1. Among the numbered conditions (1) more than 24 Å from HIS385 (Cα to Cα); (2) touching a helix residue (DSSP H, G or I) at 6+ places or on another chain (Cβ under 8 Å); (3) part of a strand (DSSP E or B), tell me where ALA244 comes up short.
2. Based on this model, can you work out whether GLY403 counts as under 21 Å from VAL248 (Cβ atoms) and not in a helix (DSSP H, G or I)?
3. Under 7 Å by Cβ, and 6 or more places apart or on different chains, what pairs join a residue from the range 283-295 that is touching a residue at least 40 places away in the same chain (Cβ under 8 Å) with one that is among the hydroxyl-bearing types (Ser, Thr, Tyr) and in a strand (DSSP E or B)?
4. Name the one entry in ALA245, ALA240 that is at pLDDT below 95 and within 13 Å of ILE72 (Cβ to Cβ).
5. Of all residues in the range 169-195, which are more than 20 Å from CYS303 (Cβ to Cβ), touching a residue at least 12 places away in the same chain (Cβ under 8 Å), outside any helix (DSSP H, G or I) and out of contact with any strand residue (DSSP E or B) (no Cβ under 6 Å at 6 or more places or on another chain)?
6. Out of GLY339, GLY380, GLY316, I need the residue that is within 30 Å of ASN184 (Cα to Cα), within 19 Å of the chain's Cα centre (by Cα) and either in the same structural domain as PRO261 (by TED's automatic domain parsing) or modelled with pLDDT of 95 or more (or both). Which one?
7. As an exercise: evaluate LYS291 against (1) under 28 Å from GLN366 (Cα atoms); (2) assigned to a loop (DSSP other than H, G, I, E, B) and give the number of the one condition it does not meet.
8. Is it fair to say GLU193 is surrounded by fewer than 17 Cβ atoms within 10 Å (Cβ to Cβ) and among the acidic types (Asp, Glu)?
Amino acid sequence: MKEYPYWLDTVPGLRPGTENLELRTENSETPALSPQPSALGSRSDVLVIGAGYTGLSAARRLAKSGASVVVIERERVGWGASSRNGGQVLTGLKLDPLTLVHRYGETRARQLFEVAEQSIARLEALIADERIDCEFARTGHLQAACKPSHFRAFRDEQALLARVFDHRVELLSRQEQRSEIGSNRYHGVMVDERSGAINPARYVHGLAAAAARAGASIVTGVGVTGMRRESNGWRVTTTAGETAARHVLAATNGYTGAATPALQRRFVPIGSYIIATEPLTQGQAAAILPKKRMAFDSRNFLCYFRVTPDRRLLFGGRAEFSAPDAETTRRAAAILRQGMTDVFPDLASAHIDYAWGGNVAFTRDQIPHAGVIAGVFYAGGYCGHGIAMATHLGDAIAERIAGGSATHPLFDDRFPAIPFYNGRPWFLPLAGAYYRVMDLLT
């Protein structure tokens, strides 16, 4: 079993575990990786911390506007959630539509939902404009009801989506669901045709190449150790020396560290884990998800799954609360395998070829935020819905940095810190126990 993301083996020219592949800026399938730390330079208009979707999207936009941009990445391009996720590009936000309406009212809820819709359209346009070969397709998604009561709740959600959000979904009962999912575990499904699938690693490397073509410098293997304000911007200390920048954008999301303590008190890193089977037969793959949808279930501790183009089943979830490491990943893999065979008993003998984990960033209100905190521009908190939204918010915050519009539904310069939290999520086991009980009772 390989303990790194399956996606890395699908990127042409990338050898997992290597750090110093050449950064190629031509329009090719080869991933964009690091120039040497000497490319850090003495000063830039904007220093971007983090070479994931947010940072690279922002770097591309800023470079196109004429700014000098340096992206610093402690590991390598896309090392975090940008190459570790399940490749599900989903409509909506983490919060379900009913909660959005109850919390914010119909007008604000509709505005937030529309931002999520727009983010997918903009992702699709960027992929086309930059000719990124990342297997993007509007496959749609399905949500599977774990209990009969959950399917009844789907009916209410279907009506709300149509009335408030002008968004149509289809419901299939347990007797009808075999056309969408090859499992008897569920009590009906809700199908949304607007979601999509993507190869996340191919996308993030294509996005890095697009940012480099626009003129951004991308420096990997360099971490930020400190920052201090100066009269004309920031002095940033890194593991490769000091540099200066007029503006700093923190695009670190689930890997936010001590260099930006204000953001560390606002983003909660939560581990998510995935296993990938060996390639299945065409018959097995077609039986699992006949229409190649992205899929997840209706629990608080949900499972999510999909079939890859080479017919592997990727099956993920928040199976462990410890920080992702080799031991935790192996424990999570065993839990996920049991979950996978509960849903798809016919896969009991399927070999698990890959297992990996990584952090997603949650916020207290489970809504993404972007803006300026303690003088540092930021965007993050995607709560597991980050592929399209991170791309979109990176672009939006870049426009603000460049002097464009300062308004956006998710801009928040007063994003409050979480009380009694300093970056160490001590409360996660308590929250986990609560949601496990809720999954049993509701």
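1. With (1) more than 24 Å from HIS385 (Cα to Cα); (2) touching a helix residue (DSSP H, G or I) at 6+ places or on another chain (Cβ under 8 Å); (3) part of a strand (DSSP E or B) applied to ALA244, the lone miss is (2).
2. Numbers: under 21 Å from VAL248 (Cβ atoms): yes; not in a helix (DSSP H, G or I): yes.
Criteria met by GLY403.
3. Pairs found: ALA295/TYR304.
4. Numbers: ALA245 fails: at pLDDT below 95.
After ruling out the rest, the residue left standing is ALA240.
5. Of everything in the range 169-195, those that are more than 20 Å from CYS303 (Cβ to Cβ), touching a residue at least 12 places away in the same chain (Cβ under 8 Å), outside any helix (DSSP H, G or I) and out of contact with any strand residue (DSSP E or B) (no Cβ under 6 Å at 6 or more places or on another chain) turn out to be SER173, GLU176, GLU193, ARG194.
6. GLY316
7. (1)
8. On the way: surrounded by fewer than 17 Cβ atoms within 10 Å (Cβ to Cβ): yes; among the acidic types (Asp, Glu): yes.
So GLU193 fits the description; yes.
The values are calculated or read from the model by the stated rules, or taken from the named source; none is laboratory data. Bear in mind the structure is a predicted one, so any value in this text is a computation, not a measurement. Don't worry about glycine lacking a Cβ; one is built from the backbone with ideal geometry, like all the others, and counts go over all protein chains shown.
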